[in-house]
Structures are given as C-alpha cells and as structure tokens.
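The block underneath contains the structure these notes are about, expressed in structure tokens.
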Amino acid sequence: MPLVFKTQEQCRIYLNYFIPMIIQLCGLSGAGKSTITNAVKSRLQANGYQTEVIDGDAYRMALCKDLGFSMEDRHENIRRLAFVAGRLSSHGIIVLISAINPYEEIRLEVAKTYKNVKTVFVDCNVDVLLRRDTKGLYARALLPDWHPEKISNLTGINDRFDAPQKPDLHINTGTSSVKECTDKLFDFVTSNWDTISSQYD
C-alpha cells in the first residue's frame, strides 16, 4: 500500500530519514562561514529540515585536537569532519561543514567519497578580512618574523589556499550582506534537496 501524506511537511519529515546531503563550505578565516551556516541551520530547522553544523573550530578542540596545521594534518582534519558528516547524512540530516578547508584535492576527495556533496566557496577579499580581523589572526600573521606572537601558517597570508575551481555555489561576503548570503545559501540547499528528493517520488 503506498504511503499517503496529508501535508508537504509530513512528506519532508519522512524523506529526511533517507536523503543524504553534505554542504562543504570553504573560505578564509573571518569570511563569515560560521555566521552564515548557523543562520541557515536555524532557517532550515524552522522549515522542517533536519540540519546539523560541523564547525571546524569546535571540532579542532575535541575530535581533532591532536592535529597541527601541516598539509597532511589539514587533510586529516577534513577527512574526520567529512566522516562525521557522512554518518549524520546517512540518516537524512543535512550537514553543513564550516571549515577553512583550503586544499582542492581534499575537497574533491570528500565529494567523491560521500553522496550528494556540494562545495560552497565563501569568498572575501583579504583587504576586507584585514579590516575585520575579529580574532586578531591577521595582525599576528603580519608581525615580523622575529616576533614571538607571529603566526606563520595563517591560510591566505603565509599558507596556501586553493580557491575552488568549480564551486557549486560562490558567495562573496565582502560585497553582500549577511542576509543576502544567508538567503543565497538557504535557497541553494533547499533547491538541491528538492532535486534530490524528486528522485524518490
């Protein structure tokens, strides 16, 4: 006997248990990844979507506290975040990975390893980030080499960042408001979810 849903909301709740989706954001520190993902998470949940944010900073303090900032450790960091995201998404939870995620090769690896992975580039000009510098990281990265507080591995300043060659979505927080960026990501996620869910009709 076919399932019959009285409302679209009932249908969405049911499908949430079957549709995997991972959104891996990437972008420099201070670009606004956490701000946007948390706002989008709230909107998605308010609209009946099961959603979780995997925040790179938070996971560095727990699951990844043994890792440094070498290329190998950065790769391993993303692999661990993606593994958790994969487990959650297998239960129909939309997962937003909010991390600098600087290297193209590991982003492509994640996209090949898990189902329905989309890459979102949260872009922002370095000049804007230098003015924001909410964590004081950019000021420390620009200190002279002899200074004891100098950061020598800040992505985008003295460590490599690969801008995605073909991101599924490009958001520029330097030229758009938080609301505009949030709307853009929310619309992107729901549009892709609808496309994927149509395969189950």
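Bear in mind that the values in this text are calculations on the coordinates, not laboratory data. Computed from a prediction, not measured in an experiment: that's the story for all the values here. Methodologically, a virtual Cβ is constructed for each residue, glycine included, from the backbone with ideal geometry; neighbour enumeration extends over all protein chains shown.
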Practice task
Return one number: the angle in degrees, 0 to 90 and rounded to the nearest 10, between the long axis of the Cα atoms of helix 71-89 and the longest principal axis of the Cα atoms of the chain.
Solution key: 20 degrees
Fill in the blank from the handout: Exposure proxy check on F69, F186: fewest-to-most Cβ neighbours within 10 Å is F69, F186
Practice task
Classify region 24-135 as rounded, prolate or oblate, taking a ≥ b ≥ c as the square roots of the eigenvalues of its Cα gyration tensor: rounded when a/c is under 1.5, otherwise prolate if a/b is larger than b/c and oblate if not.
Solution key: oblate
Practice task
Between S177 and D162, with labels modelled 7 Å along Cα→Cβ, what's the label distance in nm to one decimal, could you check?
Solution key: 3.6 nm
Problem - Given charges at beta-carbon only (K, R positive; D, E negative), |dipole| of region 159-201 in Debye - result: 160 debye
Practice task
Report, in degrees rounded to the nearest 10, the 0 to 90 angle that the Cα long axis of helix 33-46 makes with the longest principal axis of the chain.
Solution key: 20 degrees
Problem - Burial order of peptide ranges 144-153, 92-101, 169-178 (average beta-carbon count within 10 Å, highest first) - result: 92-101, 169-178, 144-153
Practice task
Among F69, N116, T134, flag the residue with its Cα farthest along the positive direction of the charge dipole of the chain, charges on Cβ as +1 for Lys/Arg and -1 for Asp/Glu.
Solution key: N116
Practice task
Would you please give the residues with an amide H less than 5 Å from that of L143, counting only those at least 5 places away or on a separate chain, with H modeled from the backbone geometry?
Solution key: I151
Exercise for the section: In whole Hz, with x marking every Gly and Pro, tabulate ³J(HN,Hα) for region 116-122 from phi via Karplus 6.51 cos²θ - 1.76 cosθ + 1.60, θ = phi - 60°. Expected result: 6, 9, 10, 9, 10, 8, 8
Practice task
Counting only C-alpha contacts under 8 Å and six or more residues apart, can you give the relative contact order of region 8-200 as a whole percent?
Solution key: 31 percent
Problem - Lysine-lysine proximity count for the chain, Cα under 15 Å, sequence distance 8 or more or distinct chains - result: 11
Problem - Computed magnitude of the charge dipole of region 97-195 (debye, nearest 20; Cβ of K, R +1, Cβ of D, E -1) - result: 140 debye
Handout entry: Test item: Cα-centred dipole of the chain, Lys/Arg +1 and Asp/Glu -1 on Cβ, debye
Key = 360 debye
Practice task
Could you tell me which of T155, G32, L88 has its Cα farthest along the dipole of the chain towards the positive end, charges placed at Cβ (Lys, Arg +1; Asp, Glu -1), taken about the Cα centre?
Solution key: L88
Exercise for the section: Would you compute the Debye intensity of the chain from its alpha-carbon atoms alone, equal scatterers and no solvent, and pass along log10 I(q)/I(0) at q = 0.13 Å⁻¹ to two decimals? Expected result: -0.72
Handout entry: Amide H contacts under 5 Å for D55, placed H, 5+ residues apart
Key = S98
Practice task
Collect residues whose amide H, placed 1.01 Å from N in the peptide plane, falls under 5 Å from the amide H of D123; neighbours closer than 5 in sequence don't count.
Solution key: I171, N172, T173
Practice task
Enter the angle in degrees (range 0 to 90, nearest 10) between the Cα long axis of helix 178-197 and the first principal axis of the Cα atoms of the chain, meaning the one along which they spread out most.
Solution key: 40 degrees
